[in-house]
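Below: one structure, written as structure tokens.
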Amino acid sequence: TVHPSLAGDSFRIEHTFAAAGEYTLFVDYQQPGRGQLVDRHNVHVEGAARPVAAALTESPRTQRADGLEVTLHSDAEIRAGEAAMLHFDVTDAATGKPVVDLEPYLGAMAHFMVLSADGKDFVHVHALDTRSSASRVSAHAVFPRSGLYKLWAQVQRHGGVATVPFVVRVDGAEARPKAESSSGPSGHAQHKH
């Protein structure tokens, strides 16, 4: 995730693509009186082709990136159409000690971007203000369909932004026991901040 800078009455960004191909850019912004909006733009990039990507598979719940080790926990199984409470415990990858000096980044203690494997569903979620510990950030998210989702957690420490990737599997509501199948919420509403 990259963030633009304000240039007069518009936002601009400079980015170098690592490989040629077809890209979809998701522009996530807030507009007064309209709340959060997400625009999509398709971009074709010329140049050397990228290697064929391996098939997407669910990742371990602990991932390392940018000097951090982040472990994802959820209060329950993540199911399509249901609000999921996600917790991210952050430790220093070198020392294994909990990170207690996370800094606010763009108004929140963490940002989470979620993208379905087919690229159709995109959700940007901010960390909840309440934290059970200095090294844990949490968020509510709703995954609209079952399947695999790419998830990126972004936190800031010592002035640098770390982006930690995950791939999570979301079960369908039909995977629940029959006794519970009619009691859960339905619909595709996204919980956004």
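The values are calculated or read from the model by the stated rules, or taken from the named source; none is laboratory data. Note that this is a predicted model, so its numbers are computed, not measured. Glycine gets a Cβ as well: all are built from the backbone with ideal geometry, and neighbour counts include every protein chain shown. Heavy atoms of the whole protein, side chains included, go into the accessibility calculation; ligands, DNA and RNA do not. Shrake-Rupley method; radii C 1.70, N 1.55, O 1.52, S 1.80 Å.
Quick notes
- In this rough spin-label picture, where each label sits 7 Å from Cα along the Cβ direction, the residue 66-residue 9 distance is 3.4 nm.
- Accessible surface of segment 50-111 [probe 1.4 Å, protein heavy atoms]: carbon and sulfur percent: 56
- Taking amide H as placed 1.01 Å from N in the peptide plane, residue 128 has its amide H under 5 Å from the amide H of 138, 139, 140, each at least 5 places away in sequence or on another chain.
- Accessible area of segment 15-169 divided out per residue, in Å², using a probe of 1.4 angstrom: 54
- For residue 134 and residue 46, the FRET efficiency from 1/(1 + (r/R0)^6), where r spans their Cβ atoms and R0 equals 41 Å, is about 0.35.
- Between residue 103 and residue 117, the simple label model (points 7 Å from Cα in the Cβ direction) yields a spacing of 3.8 nm.
- In a fully extended conformation the segment linking residue 161 and residue 77 would gain 27.3 nm over its present Cα-Cα distance, using 0.36 nm per residue.
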